[in-house]
Amino acid sequence: MTTSTPLHVTWPQADARRIRRQFLDRPADAPPAPVAAAMLGAHAQVLSAAELSVALRRAEGTRADVRAALWRDRTLVKTFGPRGTVHLLPAEDLPLWTGALSALPAGPNGHPPHVRLTAAQTDEVVAAIADALTGAELTVDELTDAIVARTGPWAGERVMEAFQDKWPRWRQVTHLAAHRGVLCFGPDRGRKVTYTHPGVRPLTGDRALGGLVERYLRAYGPATPGNLARWLAAPGGWATELFGSLAAAGRIEEVSFEGAAAWVAAGDTDFPDERPPRGLRLLPYFDAFAVASQPRERLFPGAAYERALGRGQAGNHPVLLVDGTVAGVWHQRRSGKRIVVTVEPLRKLSAARLRDLGAEAERVAELLEGRAELTVGPVTVGPHA
């Protein structure tokens, strides 16, 4: 996986290109789905954070447009994406995503032996889910009944430990069913989650994996196999072999990134000059840029590495991005239309930057369909608050 004279790429160059391709320098005149595609999905464990992640990258509109794309137009799909976490993904990209995610190596089964499903039982449950959700939107309880009716009582036995409760056995394959393309989220029914069938056919594993790696490298390259493995929560050795096969096929190429070997998609070697990217942004929980950009110590320099990361994990705190690096944390609290935005900078901001911060807080509030009240000072709440 080497070339004789690899291109040398610096951190400012890579950072500036990622920011440009993420529409964080100049919002895109584009609908929500293409924006989510450029991000490689918006993390949606907290749906309002995903709505803001997509909305702040668009030149017009609010979070309402993201919701309309998700539930009315169905150009976005809420499903289990990379790392098994909930994401908003473009509907037209779902064949690639499901094909790639279902081809990842299976990790160790963390359930006790008496809880686990056999391979045959897993396939039977996934088939039952596909049949039950086709043309339907079912709550967890309704889906449980439908699965038991198609398989047997064993699938519904409440044996899985979960949040001081016990879940039915079949739920251990929820993520797998999503990755095989037979389950995604439907609209909430009151306070209850529903699932439905996305109606897609996954691409074949090799084709899908190669396509996903190329998209990942275009969005977040240069990157290493270890970076990809971390992003997907996949084994490092497997990622190294995958990069080797893609390099041999001429689909990716090596560059020198800050003096170390890294890879970009073949032919994608156009980088801006070495000036650091300019601008200020408030990024919400688990924003794709903050999670996927590597090396993490360059994106979170100095005090930011301790203050804005949770044991090295990005996304636990919303972050203040200044000139391409994390320079603080922030928090928002809503009361009706009033949105109190508290920002804790980790370095002194100039008068011009404070004006930029005020404008950004106002924009965030507008995207969330509210009115901003900005406070610059310590953020006293913990992660995920």
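All of the numbers you see were taken from the coordinates with simple rules; none came from a lab. Computed from a predicted structure; not experimentally measured. Counting neighbours? That spans all protein chains shown, and the Cβs are built from the backbone with ideal geometry, glycine included.
The base-10 log of I(q)/I(0) for the stretch 280-376, evaluated at q = 0.13, 0.14, 0.22, 0.23 Å⁻¹, reads -0.42, -0.48, -1.10, -1.17 [Debye formula, identical scatterers on Cα atoms, solvent excluded]. For a quick check, take a GNM of the chain with Cα springs below 10 Å and name the residue from H197, H43, H111 with the largest mean-square fluctuation. Residue with maximal mean-square fluctuation among H197, H43, H111: H111. Amide H contacts of V159 (H built 1.01 Å from N, in plane; Pro and chain starts excluded): W167, R169 sit under 5 Å, all sequence-distant by 5 or more or on other chains. Taken one residue at a time, the phi angles of the stretch 303-317 give Karplus couplings (6.51, -1.76, 1.60, θ = phi - 60°) of 4, 5, 5, 7, 7, 9, 10, x, 6, x, 8, 7, x, 5, 10 Hz. Gly and Pro are set to x. Between the alpha-carbon centres of the stretch 263-325 and the stretch 138-196 there is a gap of 36 Å. If R0 equals 45 Å, the separation of the Cβ atoms of E306 and E157 corresponds to a calculated FRET efficiency of about 0.50.
Seen from G221, the other residues with C-beta closer than 15 Å to its C-beta sum to a net charge of +2, counting Lys and Arg as +1 and Asp and Glu as -1.
Under Stokes-Einstein, with the Kirkwood radius over Cα pairs standing in for Rh, what whole-number D in µm²/s applies to the stretch 63-165 at 4 °C and 1.567 mPa s? Numbers along the way, then the final one.
On the way: Rh = 16.0 Å.
Translational diffusion coefficient: 81 µm²/s.
Cβ-to-Cβ counts within 10 Å put W71, W263 in ascending order as W71, W263, the fewest first.
The slack between E366 and T269, meaning 0.36 nm per residue of separation minus the straight C-alpha distance, is 31.2 nm. Give me the percent relative contact order of the chain, please, defined on Cα pairs under 8 angstrom at least 6 residues apart. For the chain, the relative contact order is 18 percent.
So if each residue of separation counts as 0.36 nm, and I subtract the Cα-Cα distance between R74 and N109, what length gain in nm does that give? Present the calculation step by step, with values, prior to reporting the outcome.
Working: separation 35, 0.36 × 35 = 12.60 nm, distance 3.35 nm.
So the chain would gain 9.3 nm between R74 and N109.
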